[in-house]
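S.K.: Take a look at this one; I'll ask things after.
The values are calculated or read from the model by the stated rules, or taken from the named source; none is laboratory data. Here the structure is a predicted model, which means the values were calculated and not measured. FYI the Cβ positions are ideal-geometry reconstructions off the backbone, even for glycines, and counts take in every protein chain you see. The protein model used for the area step is the full one, side chains on, heavy atoms only, and it has no ligands, DNA or RNA in it. Shrake-Rupley method; radii C 1.70, N 1.55, O 1.52, S 1.80 Å.
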Amino acid sequence: MTRHLPPAIVACTMDTWRAEEDMPAARTFEIAEETPISLTFNGMAHGVMMATPLDLEDFATGFALTEGIIPSTDALKGLEVHVEADYVRVDIRIDGPAFHRLLARGRRAMTGRTSCGICGTDARDVLERPAPTVPHAPPEPEAVRRALGDLRARQVLNARAHMLHAAAWCMPDGAISHVREDVGRHNALDKLIGGGLRAGVDFGHGFCLVTSRCSYEMAHKAIMAGMPALAAVSAPTARALRVAAAAGLTLLAPARDTCVMVPRMDGDYRNE
């Protein structure tokens with residue numbers, strides 16, 4: 001029997017109490033689905049991530065790159081999505097050198113929540129992650145404000161469920177070219193990166209905009225994709241600032257319609 005991917009958005013009836021009403025009223029809302037996505041590399045189970053079941057080829061491609069499993073899409077040799085009874089399995093085939101590097105890590109199978117970008121790794125994985133240097137091409141604040149103003153209309157799933165994160169790739173003038181959505185902010189960014197790689201997007205010219213806080217792992221994923229700048233609606237963490245400074249990534253966070261902040265990266269940002 002051929003199974004289809006679960007819907008990304010489902011209907012949910014909720015008994016709703018309002019202050020002006022004596023009795024609850026049954027109201028139907030749309031909510032986002034959350035599905036276990038099992039990732040295998042050359043038949044070896046690598047991890048299970050909780051994600052919105054949409055754009056999974058993009059997600060797997062972006063995940064493989066941003067987690068350092070493949071150095072580029074040239075190492076990606078195949079990808080198949082299999083829908084099982086209660087989860088989705090994505091089988092990824094990578095070339096020999098990439099697979100040997102993955103085996104050399106000695107990584108155990110990992111389980112990631114939708115809120116977590118690096119679950120299942122140990123402290124050494126975080127502290128010793130290599131990262132390239134990215135181009136220095138900070139966007140103008142007006143371009144960021146333009147992208148912020150246009151992004152809401154491009155969040156088609158969130159317009160229905162009001163609970164999904166978005167990651168957008170923007171041209172230097174702020175025009176949005178690609179958007180991906182997911183209940184997990186890291187998943188949305190991986191989907192954007194994977195979709196861009198598959199579409200031949202040049203991540204060296206433009207900037208990324210995310211509807212979340214600017215955490216370490218979000219900065220790291222942007223750096224691994226070669227993005228010169230990352231704008232986020234919420235403030236960065238101190239580690240995100242240090243990682244960005246080391247790679248030359250420009251952070252614009254928090255970024256709002258009325259104000260775009262660019263944190264100064266000339267300090268140590270340690271709380272000692």
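S.K.: Select from the range 5-52 the residues that are of a type in the set (D, E, K, R) and either modelled with pLDDT of 95 or more or part of a loop (DSSP other than H, G, I, E, B) (or both) and list them in ascending order. Show your work before the answer.
M.R.: Looking only at the range 5-52, we keep the residues that are of a type in the set (D, E, K, R), and these are 15, 18, 20-22, 27, 30, 33-34.
Within the range 5-52, ARG18, GLU20, GLU21, ASP22, GLU33, GLU34 meet the criteria.
S.K.: How many residues does the range 159-179 contain that are over 17 Å from the mean Cα position of the chain (by Cα) and open to solvent by less than 20 Å² (accessible area, probe 1.4 Å)? If you could, list the steps in order and put the result at the bottom.
M.R.: Within the range 159-179, the subset over 17 Å from the mean Cα position of the chain (by Cα) is 159-162, 171-175.
Right, trim to open to solvent by less than 20 Å² (accessible area, probe 1.4 Å) and you get 161, 174.
The number of residues fulfilling the criteria is 2.
S.K.: So which residues in the range 196-219 are more than 24 Å from LEU76 (Cα to Cα), open to solvent by less than 10 Å² (accessible area, probe 1.4 Å) and not polar (S, T, N, Q), if there are any at all? Before the answer, list the steps.
M.R.: First pass over the range 196-219, keeping only residues more than 24 Å from LEU76 (Cα to Cα): 206-207, 209-216.
Then keep just the ones that are open to solvent by less than 10 Å² (accessible area, probe 1.4 Å); that gives 206-207, 209-210, 212, 214-215.
Scanning the range 196-219 gives GLY206, PHE207, LEU209, VAL210, CYS214.
S.K.: Regarding SER234, is this residue open to solvent by 20 Å² or more (accessible area, probe 1.4 Å), of a type in the set (Ser, Thr, Tyr) and part of a loop (DSSP other than H, G, I, E, B)? Even if it seems obvious, please write down each step before you answer.
M.R.: Values: open to solvent by 20 Å² or more (accessible area, probe 1.4 Å): yes; of a type in the set (Ser, Thr, Tyr): yes; part of a loop (DSSP other than H, G, I, E, B): yes.
Yes.
S.K.: Also: When residues of the range 3-18 are filtered for being touching a residue at least 60 places away in the same chain (Cβ under 8 Å) and either open to solvent by 100 Å² or more (accessible area, probe 1.4 Å) or over 22 Å from the mean Cα position of the chain (by Cα) (or both), how many remain?
M.R.: Result for the range 3-18: 2.
S.K.: Among all residue pairs at least 6 apart or on different chains, which show Cβ distances below 7 Å where the first residue, located in the range 82-96, is under 17 Å from PHE63 (Cβ atoms) and the second is surrounded by 14 or more Cβ atoms within 10 Å (Cβ to Cβ) and among the aromatic types (Phe, Trp, Tyr)?
M.R.: ILE92/PHE41; ILE94/PHE41
S.K.: Confirm whether MET224 is at pLDDT 95 or above, within 22 Å of VAL48 (Cβ to Cβ) and surrounded by fewer than 24 Cβ atoms within 10 Å (Cβ to Cβ). Please lay out each step first, then the result.
M.R.: Numbers: at pLDDT 95 or above: yes; within 22 Å of VAL48 (Cβ to Cβ): yes; surrounded by fewer than 24 Cβ atoms within 10 Å (Cβ to Cβ): yes.
Against the criterion (at pLDDT 95 or above, within 22 Å of VAL48 (Cβ to Cβ) and surrounded by fewer than 24 Cβ atoms within 10 Å (Cβ to Cβ)), MET224 qualifies.
S.K.: If I ask for residues that are open to solvent by 20 Å² or more (accessible area, probe 1.4 Å), under 14 Å from PRO6 (Cβ atoms) and among the aliphatic types (A, V, I, L, M), which ones from the range 34-81 would you list?
M.R.: MET50, LEU54, VAL81
S.K.: For ARG239, indicate whether it is basic (Lys, Arg), touching a helix residue (DSSP H, G or I) at 6+ places or on another chain (Cβ under 7 Å) and more than 16 Å from ARG145 (Cα to Cα). Break it down into steps so the answer makes sense when it comes.
M.R.: Details: basic (Lys, Arg): yes; touching a helix residue (DSSP H, G or I) at 6+ places or on another chain (Cβ under 7 Å): yes; more than 16 Å from ARG145 (Cα to Cα): yes.
Yes.
S.K.: With the checklist (1) open to solvent by 30 Å² or more (accessible area, probe 1.4 Å); (2) touching a strand residue (DSSP E or B) at 6+ places or on another chain (Cβ under 9 Å) in hand, flag the one item ILE193 doesn't pass.
M.R.: Of (1) open to solvent by 30 Å² or more (accessible area, probe 1.4 Å); (2) touching a strand residue (DSSP E or B) at 6+ places or on another chain (Cβ under 9 Å), only one is false for ILE193: (1).
S.K.: OK, next. Among the residues of the range 1-48, write down those that are in contact with a strand residue (DSSP E or B) (Cβ under 9 Å, 6 or more places away or on another chain), of a type in the set (A, V, I, L, M) and more than 27 Å from LEU76 (Cβ to Cβ). Even if it seems obvious, please write down each step before you answer.
M.R.: First, pick out the residues of the range 1-48 that are in contact with a strand residue (DSSP E or B) (Cβ under 9 Å, 6 or more places away or on another chain): 2-6, 8-18, 24-43, 45-48.
Keeping just the survivors that are of a type in the set (A, V, I, L, M) gives 5, 8-11, 14, 25-26, 31-32, 37, 39, 45, 48.
Once the filter is applied, which keeps residues that are in contact with a strand residue (DSSP E or B) (Cβ under 9 Å, 6 or more places away or on another chain), of a type in the set (A, V, I, L, M) and more than 27 Å from LEU76 (Cβ to Cβ), the range 1-48 yields ILE9, VAL10, ALA11, MET14, ALA25, ALA26, ILE31, ALA32.
S.K.: Further question: Among VAL156, VAL262, which is the only one that is assigned to a loop (DSSP other than H, G, I, E, B), open to solvent by 30 Å² or more (accessible area, probe 1.4 Å) and over 26 Å from LEU54 (Cβ atoms)? Steps first, answer last, please.
M.R.: Numbers: VAL156 fails: over 26 Å from LEU54 (Cβ atoms).
When all the criteria are applied, what remains is VAL262.
S.K.: Do you know which residues across the range 194-231 are in contact with a Phe, Trp or Tyr (Cβ under 7 Å, 6 or more places away or on another chain) and assigned to a helix (DSSP H, G or I)?
M.R.: If the condition is that a residue be in contact with a Phe, Trp or Tyr (Cβ under 7 Å, 6 or more places away or on another chain) and assigned to a helix (DSSP H, G or I), then GLY194, GLY196 are the ones that fit.
S.K.: Could I ask something else about it? Considering the range 242-259 alone, what residues qualify as being open to solvent by 10 Å² or more (accessible area, probe 1.4 Å) and either within 14 Å of GLU140 (Cα to Cα) or not basic (Lys, Arg) (or both)? Quick ask: steps written out before the conclusion?
M.R.: Residues of the range 242-259 that are open to solvent by 10 Å² or more (accessible area, probe 1.4 Å), as a first pass: 242-243, 245-246, 248, 250, 254, 256-259.
VAL243, ALA245, ALA246, GLY248, THR250, PRO254, ARG256, ASP257, THR258, CYS259, listed by residue number.
S.K.: A follow-up question, please. Would you please name the residue that is modelled with the highest pLDDT, looking only at residues in the range 180-190 that are in contact with a helix residue (DSSP H, G or I) (Cβ under 8 Å, 6 or more places away or on another chain) and either among the aromatic types (Phe, Trp, Tyr) or open to solvent by 20 Å² or more (accessible area, probe 1.4 Å) (or both)?
M.R.: Selected residue: ARG180.
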